[in-house]
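The values are calculated or read from the model by the stated rules, or taken from the named source; none is laboratory data. Please read all numbers here as calculations on a predicted model, not as lab measurements. All Cβ positions, glycine included, derive from the backbone under ideal geometry; neighbour counts span all protein chains shown.
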Amino acid sequence: MLKNIIKIFTSHLIVKAIGILNIVIVLLYFSIENFGNYSFTLLVLNLFAITVDPILSSYLVDYKFFNYNRYNFGILIITLFLGVLSYFLIDALILNIPIVLFILFSLTYVVSASLKSYLNIKDRYYNYGIVDVVRQLCILATTVIYFYGLKYNDYLQLLELNYLISSIAMILLAILFLKKAEIEFSLQIQKLKKLLFNSKFLIFYTAIVPLITFIDSSFVESFLTEEDLGMYSFSIKIYSISLMLVVPIFTILNIKQIEIAKENNYLNFIRGNFKKIGSLSLVILVLSILFNWVLVNSVYTIYRESFWITNILILGSFITYISLPFSFLIAYRKYKYLFGLGVLAILLNIIINYFFIAKYGMIIAAISTFISQFIINFGAAIFSYYLLKLNKYED
């Protein structure tokens, strides 16, 4: 398991480094206000993930539990319908996004996410990493061309160029990495209905989690100034960097936890790993805070106001690291509890922001995110321990 985590972490570290370089270039050319609009548009575009990730997560669990022989890309037909609906909802209720940009982003996301899901199941983590690296390299290259070659300065045009090239690259990688004997495109309605029905609470939960960051930024955008949005967007970027280990850990644990669950070995896993995970989480917390301090005091001094906002968000990433490995609710198919935690987190998030953000500013958005992360991640770990212990899943 550790070897596979290192493989994914290596590629993810490269992806983060390329992503940081891309943001460095964007920050050079955009004002605080324009950077806020750029980041908020990306955040809204990423809401499309709600139509993809829940389906793929549910299918991954079923694939391992029922030992399917072929990966069925037919499940993406659900995404097609939900994606069209999501565009009209976003356009009507949140932000007017050019349809060309939405299509290019959606195509990039669907192809890359489904390809990575397939490679994850097949334990091809080297290829898995290549998908992310190539996508991020395409975004960086087109950003450089846009600013230094074309010398334009419009964030919507930049995003369209980013995702035009990256979508083409993802399609080419899919052709290269997919093996015909291991895949199918089956539209058996009964199987799709069964997947949706049996995993409905997991699907709802997976859809809820990405909404938290969006809701906070949306309240900042609605109640505060464009400069505040830029500051908070900067904090979100640093926060995402502090979470760089989550993807490799969660990718491997998604499979490993199912195997541990089948062997009824949950309590032994806790005993053998609690101190290691706690120590690693603490080290990441300290390094993230130091990185934040150096960045706002030595590099991007105009964003110094965001320092404590970012630190609160980083505390949320610490909670994620220390609790994620011990959350076995997905592995034991206890989806209702996950969904309940997600709903509670979202409700508190909205209530806190609605009543306090106008008076106290960005710090409320950060605090509400921290509380939401605590409820979802720490709550899932606590539920896992007591439910499985009380229900005697193990001897």
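To keep it simple, each residue is scored yes or no on (1) touching a helix residue (DSSP H, G or I) at 6+ places or on another chain (Cβ under 6 Å); (2) closer than 30 Å to residue 221 by Cα; (3) among the hydrophobic types (A, V, I, L, M, F, W, C).
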{"position": "43", "(1), (2), (3)": "yes, yes, yes"}
{"position": "46", "(1), (2), (3)": "no, yes, no"}
{"position": "65", "(1), (2), (3)": "no, no, yes"}
{"position": "88", "(1), (2), (3)": "no, yes, yes"}
{"position": "96", "(1), (2), (3)": "no, yes, no"}
{"position": "104", "(1), (2), (3)": "yes, yes, yes"}
{"position": "108", "(1), (2), (3)": "yes, yes, no"}
{"position": "111", "(1), (2), (3)": "yes, no, yes"}
Of the residues 351, 375, 382, which is part of a helix (DSSP H, G or I), farther than 18 Å from residue 236 by Cβ, assigned by TED's automatic domain parsing to the domain that holds residue 246 and at pLDDT below 90? 382
Being in a helix (DSSP H, G or I) and modelled with pLDDT of 90 or more: is that true of residue 366 here? yes
Six or more apart or on different chains, Cβ atoms under 6 Å: show the pairs whose first residue is in the range 281-304 and surrounded by fewer than 11 Cβ atoms within 10 Å (Cβ to Cβ) and whose second is of a type in the set (Ser, Thr, Tyr). none
I need a count of the residues in the range 335-352 that are crowded, with 20+ Cβ neighbours inside 10 Å and either closer than 30 Å to residue 64 by Cα or among the hydroxyl-bearing types (Ser, Thr, Tyr) (or both). 6
From 132, 123, which residue is on the phi > 0 side of the Ramachandran plot, surrounded by fewer than 22 Cβ atoms within 10 Å (Cβ to Cβ) and either outside any helix (DSSP H, G or I) or not hydroxyl-bearing (Ser, Thr, Tyr) (or both)? 123
Would you check which residues across the range 92-116 are over 13 Å from residue 164 (Cα atoms) and either polar (S, T, N, Q) or part of a loop (DSSP other than H, G, I, E, B) (or both) and list them? 94, 95, 96, 97, 98, 112, 114
Exactly one condition in (1) of a type outside the set (Gly, Ala, Ser); (2) within 24 Å of residue 156 (Cα to Cα); (3) modelled with pLDDT of 90 or more is false for residue 119; which is it? (2)
Subset of the range 89-138, residues free of Cβ contacts under 8 Å to residues at least 24 places away in the same chain and among the hydrophobic types (A, V, I, L, M, F, W, C), comes to 89, 92, 93, 99, 103
Which ones in the range 282-324 are among the hydroxyl-bearing types (Ser, Thr, Tyr) and closer than 30 Å to residue 383 by Cβ? 288, 310, 317, 320, 321, 323
Of (1) surrounded by fewer than 17 Cβ atoms within 10 Å (Cβ to Cβ); (2) of a type in the set (A, V, I, L, M, F, W, C); (3) within 21 Å of the chain's Cα centre (by Cα), residue 363 fails just (3)
Would you be able to say whether some residue in the range 342-357 is within 23 Å of residue 200 (Cβ to Cβ) and of a type in the set (Gly, Ala, Ser)? yes
Subset of the range 144-160, residues within 13 Å of residue 25 (Cβ to Cβ) and touching a residue at least 60 places away in the same chain (Cβ under 8 Å), comes to 144, 147, 153, 155, 158
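So which of 298, 242, 306, 288 is of a type in the set (S, T, N, Q), over 24 Å from residue 220 (Cα atoms) and modelled with pLDDT of 80 or more?
On inspection, the qualifying residue turns out to be 298.
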Consider residue 317 carefully, then state whether it is without any contact (Cβ under 8 Å) to a residue 60 or more places away in the chain and assigned to a helix (DSSP H, G or I). no
